[in-house]
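Q: One structure, pasted below without further comment.
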Amino acid sequence: MTSQQDQKSESKPYRHVAGLLLFMLSLGCVVAPVIRAQQVEEQTGISEGNYNIKQSIEFGYRFTNVTGSQQTYDTIVNLQQGPRLLGFTTEFRSLDHRGTFFDYFYLSNFGYGGDPNDVSQIRISKNKWYSFNGMFRQDQNHWDYSLLANPLNPTPPVPNAPPNFNPIINAPANLRGTSLIGNSPHDFFTRRNMQNYNLTIMPESKIRFRLGYDQNTVYGPGNSTVHVGAEQYLLQNNSFRLQQYRLGFDFRFLLRTTLSYDEIWSNYRNDLSTNDENQQFPPGVGFPPVDLGVTFNPGAKNPCATPVFLPGNIVNPVCKAAYSYFSHGQTRMASPTEKVSLQSTYFKNIDIAGRFSYTAGDLNVNNYQKNFAGLDSSLSNYNETGPISGRHVASFGDFGISWQVNDRISIVDSFHYSSWKEPAQYASSQCSFFSTSLLIPANIFTPTSAPPPATCIPPTNGIPAPFVIHSTSSDADAALNINSNFLKQQDVSNTIEARINFSTKVGAYLGYEYRNRIIADNFSNSISAVFYPNNAARENCALVDPAGTLTQSNLPAGCTLNADGSIAFSAATAPAPPGLTHIQENHVIFGLWARPSSNLRINVDGNIMVADNAFTRISPLQAQEVRFRANYKAASWINLNGNVNLWYGQNDSENVNGHQHNNSVGLAAQLQPTEKLSLDLGYDYNDISSQILVCFIATGSLPGLPACPDFSSLVEQASPYSSKVNTTFIDFSWTPIKPLTLRGGANLFWVSGSELNLTPQNPIATSVPGPLNSAWYQPFGGFDYQFARRWTGRATWEYYGYHENASTAFQDALARRNFQGNLVLLSLRYAF
């Protein structure tokens, strides 16, 4: 039996393809002169009783030949070999709009059989009684791009590494090469199912009713890492579901006015679970294997200083590693929404539209737990659990009015309001047990005069000890930590525009927008913890005078020394007024259009913004945007389009010095000199650039950099980024003889760019451009041949090529991302 991976990379199928193509061409040449007189307009349908019926079906087979990185091909393209249902449609249309159960019925499907996107759509309606539409879509989401979270370990990563040790993905040997293991420590292989159903009852009456249901489900495996020990490699089981039930009413008693009310019930559930199944090498004879993580830098003691491996493929027992890691929680949120909307043209020359919605929902995370067993510094066993609760309250409002003053002048005003707040609380019970080696079980503390604030169940292999061995940085042995968070944002804006048509050939508009944002956030915490001997005076309760003795007077506030030498700690931050960020923006909006002739139209639009504050460092305080668009019909068969978009942003605040721009130019042409020949071609250029001051750790950086103003232990440097993207396309269709249509073209993409390398003096590459210097090639070609009435044969060839510039884009030896794919699709279509 061949594996799924083997099926995907099955190569050299073209000895079969050539024969099929030759057979189809020969068949067409033989029958074409016979049936040419029988050519009829496709999809005219047939009439049966009171209905005109149209139907089509297209079925085919795709051949694939992929070389290079199969993982990157699956991430970007993911079109695999095999039979496919390329399209199936059925349509019934009542001839006199008096059908028994429906006047119109439409059903379409495509992609079934193995393509990454499968879609089914249905539309049914009966005149004056009901209208129904539905959609089902399934997507295969494959993400495995090797640069995402790649630690870029050197080769070989550490001395004495076992022959089967892979430093980029520490996949167990029994999982390597399967569909669940790729080259990226952060990947996923999920399916997403989307369903949408809408029913309108009595659509033409003064009161109409609307019902609806939506569902979005994501499930499947993935991989990730966690910063415990040494970036442990985790298997994730994804399971998300969002459901919405909708009930609505439309009231149309006033002339040209619709008042609507909607009630929406949303239910969200998330059952994500994470488990470490990457244990490979034991720390000693008779001990189970451990996970060393994905990052190997012995110089930084990650997972430990050299040697990581001892003779016999034994892990150094003082390395950071995990025997196990597990986290799981059941997230549930129910949030009803009420919405009212209005649309009216009741008053002459005045259009009115508005809506308001309110949502309030509760979030709870049930059965949340996280545990770790292994070694992280001196931490040997850790368990955390507790309830998580929150609330989401949001209101949104929009109102717009347009007044046509006269034939040339109109005034448009639009108002937007949004406000949401999200308070949340997490009461976590945290239990920590310590050891000095992977070979020594965790020491179990014995509560005496300082009982733990959390109920701690010791590990089954723990060793009771008169005192626990702690390092100076060991956390509390037991703690109850209550975190309360609050985040709120209010956004109000109003835009007013005056539009004037000077003539039938020239017009303009001028407007002003004011926007006011208020962002509030707050945090409060209360903690009760206990530190047991030895070395009880640590972390929050470290000695005020490190050279002094352990006495109550030598401990910080909130720390209580007990008779047995343990220290109880309690602290709380009283809720304070939330931190407020006020941002006011002023925009000048302008535009001009001109139509010098019936064949030429030109548009110019602009927006100039000034703000008095910014919430993030990358947000501009000033921004300017100008857009140019032109359309020129040079002849009856030549249509030319062009556009230029220019955007600039600045934030010249001290220690920010932010400058950025995003400029693009696009040209396109549509040519159709005859009914038999059409040609589309175009070119786009996009230039993205930004620069901002950043602060970072100085290790490996350029010498002589100034210290960061806010953190003297960091250095400061300007961080430039640039990306220049060139895209071109061509698409043609030619029908030299009536039954034969030739198709071809290409999509080509080049990008070149650069970014700051924070550590240029490191021997290991830490700044990898990857797709920032890459090219994409997608030429295609094929033909359609109608060899009999209602029957059409199709053949299509596609090439997918992805290439990262090896001279500027580092590619690690075990995970090259370039690929080339040749795809041939043969299909047969029947339609009437």
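The values are calculated or read from the model by the stated rules, or taken from the named source; none is laboratory data. Just so you know, these numbers come straight off a predicted model, no measurement behind them. Quick reminder, even Gly has a Cβ in these numbers, built from the backbone with ideal geometry, and neighbours come from all protein chains shown. When the accessible area is computed, the model is the full protein with side chains, heavy atoms only, and any ligands, DNA or RNA have been set aside. Shrake-Rupley method; radii C 1.70, N 1.55, O 1.52, S 1.80 Å.
Q: Please count how many residues of region 520-555 are closer than 13 Å to Ile567 by Cβ, part of a loop (DSSP other than H, G, I, E, B) and polar (S, T, N, Q).
A: Residues meeting the conditions: 3.
Q: Give region 225-238 a look and list any residue that's surrounded by fewer than 17 Cβ atoms within 10 Å (Cβ to Cβ) and either touching a residue at least 40 places away in the same chain (Cβ under 8 Å) or closer than 17 Å to Cys304 by Cβ (or both), or say none.
A: Within region 225-238, His227 is the sole residue that qualifies.
Q: Further question on the same structure: Working only within region 356-370, note down all residues that are surrounded by 16 or more Cβ atoms within 10 Å (Cβ to Cβ), within 18 Å of Trp265 (Cα to Cα) and not polar (S, T, N, Q).
A: Result: Gly361, Leu363.
Q: Can you tell me how many residues within region 521-560 are touching a Lys or Arg at 6+ places or on another chain (Cβ under 8 Å) and surrounded by 16 or more Cβ atoms within 10 Å (Cβ to Cβ)?
A: 1
Q: If only one of Gly82, Gly113 is in contact with a Pro (Cβ under 6 Å, 6 or more places away or on another chain) and either surrounded by fewer than 16 Cβ atoms within 10 Å (Cβ to Cβ) or within 29 Å of Gly793 (Cα to Cα) (or both), which one is it?
A: Gly113
Q: So which strands (runs of 3 or more DSSP E) stay within region 202-298 end to end and still have 3 or more residues that are over 25 Å from the mean Cα position of the chain (by Cα)?
A: Once the strands (runs of 3 or more DSSP E) in region 202-298 are filtered for at least 3 residues that are over 25 Å from the mean Cα position of the chain (by Cα), what remains is 207-226, 232-251, 257-270.
Q: Now for a different question. Hey, any hits in region 383-390 for a residue that's over 30 Å from Gly329 (Cβ atoms), β-branched (Val, Ile, Thr), open to solvent by 30 Å² or more (accessible area, probe 1.4 Å) and at pLDDT 95 or above?
A: no
Q: Does Gly781 satisfy the criteria of being in contact (Cβ under 8 Å) with a residue 12 or more places away in the chain, open to solvent by less than 30 Å² (accessible area, probe 1.4 Å), over 30 Å from Tyr830 (Cβ atoms) and in contact with a strand residue (DSSP E or B) (Cβ under 8 Å, 6 or more places away or on another chain)?
A: Numbers: in contact (Cβ under 8 Å) with a residue 12 or more places away in the chain: yes; open to solvent by less than 30 Å² (accessible area, probe 1.4 Å): yes; over 30 Å from Tyr830 (Cβ atoms): no; in contact with a strand residue (DSSP E or B) (Cβ under 8 Å, 6 or more places away or on another chain): yes.
Against the criterion (in contact (Cβ under 8 Å) with a residue 12 or more places away in the chain, open to solvent by less than 30 Å² (accessible area, probe 1.4 Å), over 30 Å from Tyr830 (Cβ atoms) and in contact with a strand residue (DSSP E or B) (Cβ under 8 Å, 6 or more places away or on another chain)), Gly781 does not qualify.
Q: May I pose another question? Confirm whether Ser719 is over 20 Å from Gln820 (Cβ atoms), in a strand (DSSP E or B) and open to solvent by 40 Å² or more (accessible area, probe 1.4 Å).
A: no
Q: Moving to a separate point now. Looking at Gly579 and the list (1) open to solvent by 40 Å² or more (accessible area, probe 1.4 Å); (2) closer than 30 Å to Ile527 by Cα, which single condition is not satisfied?
A: Unmet for Gly579, out of (1) open to solvent by 40 Å² or more (accessible area, probe 1.4 Å); (2) closer than 30 Å to Ile527 by Cα: (1).
Q: Same structure, new question: Restricting to region 336-380, name every residue that is acidic (Asp, Glu) and in contact (Cβ under 8 Å) with a residue 60 or more places away in the chain.
A: First pass over region 336-380, keeping only residues acidic (Asp, Glu): 338, 351, 362, 376.
Glu338, Asp376 - these are the residues of region 336-380 that are acidic (Asp, Glu) and in contact (Cβ under 8 Å) with a residue 60 or more places away in the chain.
Q: Of the residues that sit in region 727-744 and are touching a strand residue (DSSP E or B) at 6+ places or on another chain (Cβ under 9 Å) and surrounded by fewer than 15 Cβ atoms within 10 Å (Cβ to Cβ), which one is nearest to Phe787 (Cα to Cα)?
A: Across region 727-744, the extreme among qualifying residues is Lys738.
Q: May I pose another question? Mind checking which residues of region 315-353 are part of a strand (DSSP E or B), charged (D, E, K, R) and under 36 Å from the mean Cα position of the chain (by Cα)?
A: If the condition is that a residue be part of a strand (DSSP E or B), charged (D, E, K, R) and under 36 Å from the mean Cα position of the chain (by Cα), then Arg332, Glu338, Lys339 are the ones that fit.
Q: So, Gln43, is that one of a type outside the set (Phe, Trp, Tyr), on the phi > 0 side of the Ramachandran plot and modelled with pLDDT of 50 or more or not?
A: Yes; evaluated as a whole, the condition is true for this residue.
Q: Spot the failing condition for Leu758; the list is (1) touching a strand residue (DSSP E or B) at 6+ places or on another chain (Cβ under 6 Å); (2) part of a strand (DSSP E or B); (3) farther than 30 Å from Asn631 by Cα; (4) not aromatic (Phe, Trp, Tyr), and only one is missed.
A: So the condition that Leu758 fails would be (2).
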